[in-house]
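Q: Just passing along the structure, written as C-alpha cells.
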Amino acid sequence: MLGLPAEKLSRLANTPDLQRWWQNYQGADLGIDNYARFMELALSCPVGEHRLLAKYDLVAIKEGKAIIFDWKTYTKRPRNEWLAARWQTRVYRSLLAVAGGHLNGGRPIVPEQIEMVYWFADYPNDPARFSYDAKQFKRDWSVIEKFVDEISSAKKFPLTEDEKMCRFCTYRSYCDRGKQAGQIEDAEAEMEAEELFDVNFEQIGEIAF
Ligand code: SF4
C-alpha cells in the first residue's frame, strides 16, 4: 500500500464502481514495498523553445530503478500493443530519463532501469508492464523533438478533414466540432476510434519511429 489513509478513503468510495476499484487496489501487491514513492508527480523539461510537462500518478524508485504507475479504470483491458504505441507510454518513460535525476540522488535514471506499469482497477491481476532501453529512448526523444519543432514552425493549423478524429479530442469545442471538450482520457473512445480507422499501431511503430 502507499501509506494512504485507508479508512478515510474507504468512506469516500461511495459508489459500486469506486468500492470495487478500492477493494481491488487494497488487495493488490504492486511490489514496491521498499521503494521511495512520488505520488502525483509533475516533471518537465525544455524541448526547443517549449516545455514538455507530464503528471505521473506514481513513480517508485529504489537503487536507481524507477517504476512508473498509471491507474486506469477502463472497462475493457486494452491490448498491450495499443498501450505500447500510446504517446503516454513513450513520453512518460523518456521524460523520466531526461528529468528524473533529482528523484535518484542527482544521478540520471538510465532507460534500462525504467519500467512503466498500467494498473487496471477492474483487472488488478493483469497489469501491463513496459520496460525501456537506450534505443527506445533515443527513438522516442527524437520523435518528440521533431514533433515540437514541426508544431513550432507551422504557419497554419488546418482542421482535420477526417472528422472522426474529433470525437475524442479535448480541443473540439474550439474547432466548433462539439459543444464540450472530448474526453481524451476515455480510452474506450480511442479504442473504438482505432477500430474505426483500422489502424495497425504495430505497423505505425515500425514505420514512423
Ligand atoms: S477537434 Fe481536435 S482533432 Fe478535430 S480538428 Fe480540432 S484539434 Fe483537430
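Q: Among the residues of region 65-80, what is the count of those that are surrounded by 14 or more Cβ atoms within 10 Å (Cβ to Cβ) and either over 14 Å from the mean Cα position of the chain (by Cα) or among the small types (Gly, Ala, Ser) (or both)?
A: 4
Q: Can I ask one more? Looking at Trp119, Trp87, Trp141, which one is without any contact (Cβ under 8 Å) to a residue 12 or more places away in the chain and hydrophobic (A, V, I, L, M, F, W, C)?
A: Being without any contact (Cβ under 8 Å) to a residue 12 or more places away in the chain and hydrophobic (A, V, I, L, M, F, W, C) holds for just one of Trp119, Trp87, Trp141, which is Trp87.
Q: Answer yes or no: is there a residue in region 3-14 that is under 13 Å from Ala121 (Cβ atoms), modelled with pLDDT under 85 and part of a loop (DSSP other than H, G, I, E, B).
A: For region 3-14, residues under 13 Å from Ala121 (Cβ atoms), modelled with pLDDT under 85 and part of a loop (DSSP other than H, G, I, E, B): present.
Q: Return the total of residues in region 131-188 being within 13 Å of the ligand (Cβ to nearest atom), charged (D, E, K, R) and modelled with pLDDT of 85 or more.
A: Within region 131-188, residues that are within 13 Å of the ligand (Cβ to nearest atom), charged (D, E, K, R) and modelled with pLDDT of 85 or more number 7.
Q: Out of all the residues in region 129-140, is one or more surrounded by 15 or more Cβ atoms within 10 Å (Cβ to Cβ) and either within 30 Å of Tyr25 (Cα to Cα) or outside the structural domain of Gly27 (by TED's automatic domain parsing) (or both)?
A: Looking for residues that are surrounded by 15 or more Cβ atoms within 10 Å (Cβ to Cβ) and either within 30 Å of Tyr25 (Cα to Cα) or outside the structural domain of Gly27 (by TED's automatic domain parsing) (or both), one finds at least one in region 129-140, hence yes.
Q: Can I ask one more? Can you spot a residue in region 153-161 that is assigned to a helix (DSSP H, G or I) and in contact (Cβ under 8 Å) with a residue 12 or more places away in the chain?
A: The answer is no; no qualifying residue exists.
Q: Among (1) within 23 Å of the chain's Cα centre (by Cα); (2) outside the structural domain of Trp82 (by TED's automatic domain parsing); (3) surrounded by fewer than 16 Cβ atoms within 10 Å (Cβ to Cβ), there is one condition Arg172 misses while meeting the rest; what is its number?
A: Of the numbered conditions (1) within 23 Å of the chain's Cα centre (by Cα); (2) outside the structural domain of Trp82 (by TED's automatic domain parsing); (3) surrounded by fewer than 16 Cβ atoms within 10 Å (Cβ to Cβ), the odd one out for Arg172 is (3).
Q: Looking at region 142-170 only, could you name the residues that are within 22 Å of Leu95 (Cβ to Cβ) and not polar (S, T, N, Q)?
A: Within region 142-170, Val143, Ile144, Glu145, Lys146, Phe147, Val148, Asp149, Glu150, Ile151 meet the criteria.
The values are calculated or read from the model by the stated rules, or taken from the named source; none is laboratory data. Keep in mind that this is a model prediction, so the values were computed, not measured. Ideal geometry is used to build each Cβ from the backbone, glycine not excepted, and the neighbour counts take in all protein chains shown.
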